[in-house]
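Engineer: My structure is below; once you've seen it, I'll send some questions.
The values are calculated or read from the model by the stated rules, or taken from the named source; none is laboratory data. In this text the structure is predicted, and so the values were computed from the model without any measurement. Cβ atoms come from the backbone with ideal geometry, glycine included; neighbour counts cover every protein chain shown. Surface areas here come from the heavy atoms of the whole protein model, side chains and all, with no ligands, DNA or RNA. Shrake-Rupley method; radii C 1.70, N 1.55, O 1.52, S 1.80 Å.
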Amino acid sequence: ADRPLLYVGLLLGGAVVVLMLAQVGTARSVPPIHNISTDVADPPTFDVVIGLRGPDANPIDYDIAAIAVQQQAAYPRIQTIASQRSAGDSFDRALETLNGMGLEIVNADHDGGRIEAVASSFWFGFKDDLVVRIRGSGAGSIVDLRSVSRVGVSDLGVNAKRIEEFANRFKES
């Protein structure tokens, strides 16, 4: 009579082990960094988010010497977005894109060309901070992003994926 429960327990335990092994595999395939920027020479800076990060959070500084080479080798597609939109239109599109991604907007400074947002992971509620910087460039604009995990040495590639998702959505319409 207890065998069905035993099988359910074994199945659930096995599923947990498989998920953990998948995470280990992912961790080994990406560099141990948690701070990704489209502009490694002049990364966008945070403003409001700084006050939201706890005292035990990862450093928010982008250490160019330590991170840039690893990031560019692992994520060569993470690049500045050149847009034909004006800076104002790019700001509006960026805000719309972040909202569509389900991020919590904590700062939208239209005049300063900066949007800050927070992403929370589904299972454990881990928080990552994102900043979008929009600058005018000729008749268009350039858009740079930075995504930083608050905890952990490696982000398992999540920040790079978030930036790529933003770039794909931003360019769609």
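Engineer: So what's the back-of-envelope 222 nm ellipticity for the chain, counting only DSSP H runs of four-plus at -39500 (n - 2.57) apiece and dividing by all residues, rounded to 500?
Structural biologist: That calculation yields -13500 deg cm²/dmol at 222 nm.
Engineer: When the accessible area of the chain is split by element with a 1.4 Å probe, what percent falls to carbon and sulfur?
Structural biologist: Percent of accessible area from carbon and sulfur atoms in the chain: 60.
Engineer: Relative contact order of region 79-173: what whole-number percent is it, with Cα pairs under 8 angstrom and at least 6 residues apart?
Structural biologist: Relative contact order comes out at 29 percent.
Engineer: Could you give the length gained on full extension between V8 and K171, defined as 0.36 nm per residue of separation minus the Cα-Cα distance, in nm?
Structural biologist: 54.1 nm
Engineer: Give the accessible surface of the chain per residue, rounded to a whole number of Å², with probe radius 1.4 Å and ligands, DNA and RNA excluded. If you can, show how the numbers build up before the last one.
Structural biologist: Working: 9940 Å² over 173 residues.
So the chain comes to 57 Å² accessible per residue, rounded to a whole number.
Engineer: State the Cα centre-to-centre distance between region 96-173 and region 54-74 in whole Å.
Structural biologist: Taking the Cα centre of region 54-74 as reference, the centre of region 96-173 is 16 Å away.
Engineer: Angle, helix 87-100 long axis vs. longest principal axis of the chain, Cα atoms, 0 to 90°, nearest 10?
Structural biologist: 10 degrees
Engineer: About its Cα centre, how strong a charge dipole does the chain have in debye, to the nearest 20, once Lys and Arg get +1 and Asp and Glu get -1 at the Cβ?
Structural biologist: 500 debye
Engineer: Let me ask something else about it. From Cα coordinates alone, what are the radius of gyration and Dmax values for region 87-158 in angstrom?
Structural biologist: 13.3, 43
Engineer: Determine the dipole magnitude for region 33-101: charges of +1 sit on the beta-carbon of Lys and Arg, -1 on that of Asp and Glu, nothing else is charged, the reference point is the Cα centre, and the result goes in debye to the nearest 20.
Structural biologist: My answer is approximately 220 debye.
Engineer: Using only Cα atoms, tell me the angle between helix 158-172 and the longest principal axis of the chain; keep it within 0 to 90° and round to the nearest 10.
Structural biologist: Compared with the principal axis, the helix lies near 50 degrees.
Engineer: Now for a different question. Considering the chain as a Gaussian network with a 10 Å cut-off on Cα pairs, which listed residue, L52, L12, L156, attains the greatest mean-square fluctuation?
Structural biologist: L12
Engineer: While we're on this one: Relative to the first principal axis of the alpha-carbon coordinates of the chain, what is the inclination of helix 64-74, with its axis defined by its Cα atoms, in degrees from 0 to 90 and to the nearest 10?
Structural biologist: 70 degrees
Engineer: Of I64, I134, A15, which is farthest towards the positive pole of the chain's charge dipole, taken about the Cα centre with +1 and -1 on the beta-carbons of Lys, Arg and Asp, Glu respectively?
Structural biologist: Projecting each Cα onto the dipole axis, the largest value belongs to A15.
Engineer: Then there is this: About the Cα centre of region 77-173, how large is the charge dipole given +1 on each Lys and Arg Cβ and -1 on each Asp and Glu Cβ? Please answer in debye to the nearest 20.
Structural biologist: Details: 13 positive and 14 negative charges, 54 e Å.
Roughly 260 debye, rounded to the nearest 20.
Engineer: Around K127, under 14 Å between beta carbons, what's the net of Lys plus Arg minus Asp minus Glu among the other residues?
Structural biologist: Summing Lys/Arg as +1 and Asp/Glu as -1 gives -3.
Engineer: Let me ask you something else. What number does the chain give for Rg over Rh if you use C-alpha atoms and the Kirkwood radius? Walk me through the numbers before you get to the answer.
Structural biologist: Details: Rg = 18.8 Å, Rh = 17.4 Å.
Computed over Cα atoms, the ratio is 1.08.
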